[in-house]
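Undergrad: Starting off with a structure, shown below.
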Amino acid sequence: MKIYLIRHGQTDWNVEHRPQGKADIELNRKGEEQARIVAKEKLNNTKIDLIICSPLKRAKRTAEIINTDRNIPIIYDERISERDFGEFEGKTIDEIKNETKFQGFWNYEYNIQYKKAENIQKFFNRVYEFLDETKEKYRDKNILLVAHGGVSVPVICYFKGIPKEENLIKMGIKNCEVKEFEIKA
């Protein structure tokens, strides 16, 4: 079994360095082009049996573009939607830094609970539960996960372990970057 993980294409909020979280932001033109390029250059000859996608528009559109002319079944799963950034959502990184101690937001050991934002360990548990179920349910399939930069962090940690870093978001993947993981039977 192989799991391919891709982050959605670029959005205007990515360009503006605004955490999107659960905000349902569309891809911009460059994001759509990134999805077309990755479909042709990186995934064109890749055997994919099933696409599991975040239900947020930016991920859905990326999956649709990748699936053009392929007709692969797509399942939408809320568990791989982006982390809820709560009070930080939509603000620039500079605005967030001026307002609160955001640096602990991506520290697994600190596990800080903010006013509205999803805490990191609950977020990881949500993604890990999804991955455990996917491994069991689709063990003989190659799966493409179309998700988010934040979601890429627990997915990578699931396969490689959680490092003792303060800021795990540094592990996140770029727009339309693809990571491959293999699960031996």
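Undergrad: Would the stretch 87-96 turn up any residue that is in a loop (DSSP other than H, G, I, E, B), loosely packed, with under 15 Cβ neighbours inside 10 Å and touching a His at 6+ places or on another chain (Cβ under 8 Å)?
TA: To start, the set of residues in the stretch 87-96 that are in a loop (DSSP other than H, G, I, E, B) comprises 89-92.
Next, only the ones that are loosely packed, with under 15 Cβ neighbours inside 10 Å stay: 92.
Next, from what is left, pick out any that are touching a His at 6+ places or on another chain (Cβ under 8 Å): 92.
Yes: the stretch 87-96 contains one or more residues that are in a loop (DSSP other than H, G, I, E, B), loosely packed, with under 15 Cβ neighbours inside 10 Å and touching a His at 6+ places or on another chain (Cβ under 8 Å).
Undergrad: Return the residues of the stretch 10-51 that are within 29 Å of Arg139 (Cα to Cα) and of a type in the set (Ser, Thr, Tyr); say none if nothing qualifies.
TA: Of the stretch 10-51, the ones within 29 Å of Arg139 (Cα to Cα) are 35-51.
Once the filter is applied, which keeps residues that are within 29 Å of Arg139 (Cα to Cα) and of a type in the set (Ser, Thr, Tyr), the stretch 10-51 yields only Thr46.
Undergrad: Continuing with the same structure: So which of Lys184, Lys170 ends up being assigned to a loop (DSSP other than H, G, I, E, B) and open to solvent by 20 Å² or more (accessible area, probe 1.4 Å)? Can you show your working first?
TA: Working: Lys170 fails: assigned to a loop (DSSP other than H, G, I, E, B).
Going through Lys184, Lys170 in turn, the sole match is Lys184.
Undergrad: Just to be sure I understand, how many residues within the stretch 97-110 are modelled with pLDDT under 90 and open to solvent by less than 90 Å² (accessible area, probe 1.4 Å)?
TA: 4
A quick yes/no check of all residues on (1) closer than 22 Å to Pro154 by Cβ; (2) touching a residue at least 60 places away in the same chain (Cβ under 8 Å); (3) part of a loop (DSSP other than H, G, I, E, B); (4) of a type in the set (Phe, Trp, Tyr):
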position: Gly9; (1), (2), (3), (4): yes, yes, yes, no
position: Trp13; (1), (2), (3), (4): yes, yes, no, yes
position: His17; (1), (2), (3), (4): yes, yes, yes, no
position: Ala23; (1), (2), (3), (4): yes, yes, yes, no
position: Thr46; (1), (2), (3), (4): no, yes, yes, no
position: Ile52; (1), (2), (3), (4): yes, yes, no, no
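Undergrad: Which numbered condition in (1) part of a helix (DSSP H, G or I); (2) open to solvent by less than 40 Å² (accessible area, probe 1.4 Å); (3) at pLDDT below 90 is the only one that Tyr114 fails?
TA: (1)
The values are calculated or read from the model by the stated rules, or taken from the named source; none is laboratory data. Just so it is clear, the structure is predicted and the values come from calculations on it, not from any experiment. Here Cβ is always computed from backbone atoms with ideal geometry, including for glycine, and neighbour counts include all displayed protein chains. To get the accessible areas, we keep the full protein, side chains included, count just its heavy atoms, and leave off ligands, DNA and RNA. Shrake-Rupley method; radii C 1.70, N 1.55, O 1.52, S 1.80 Å.
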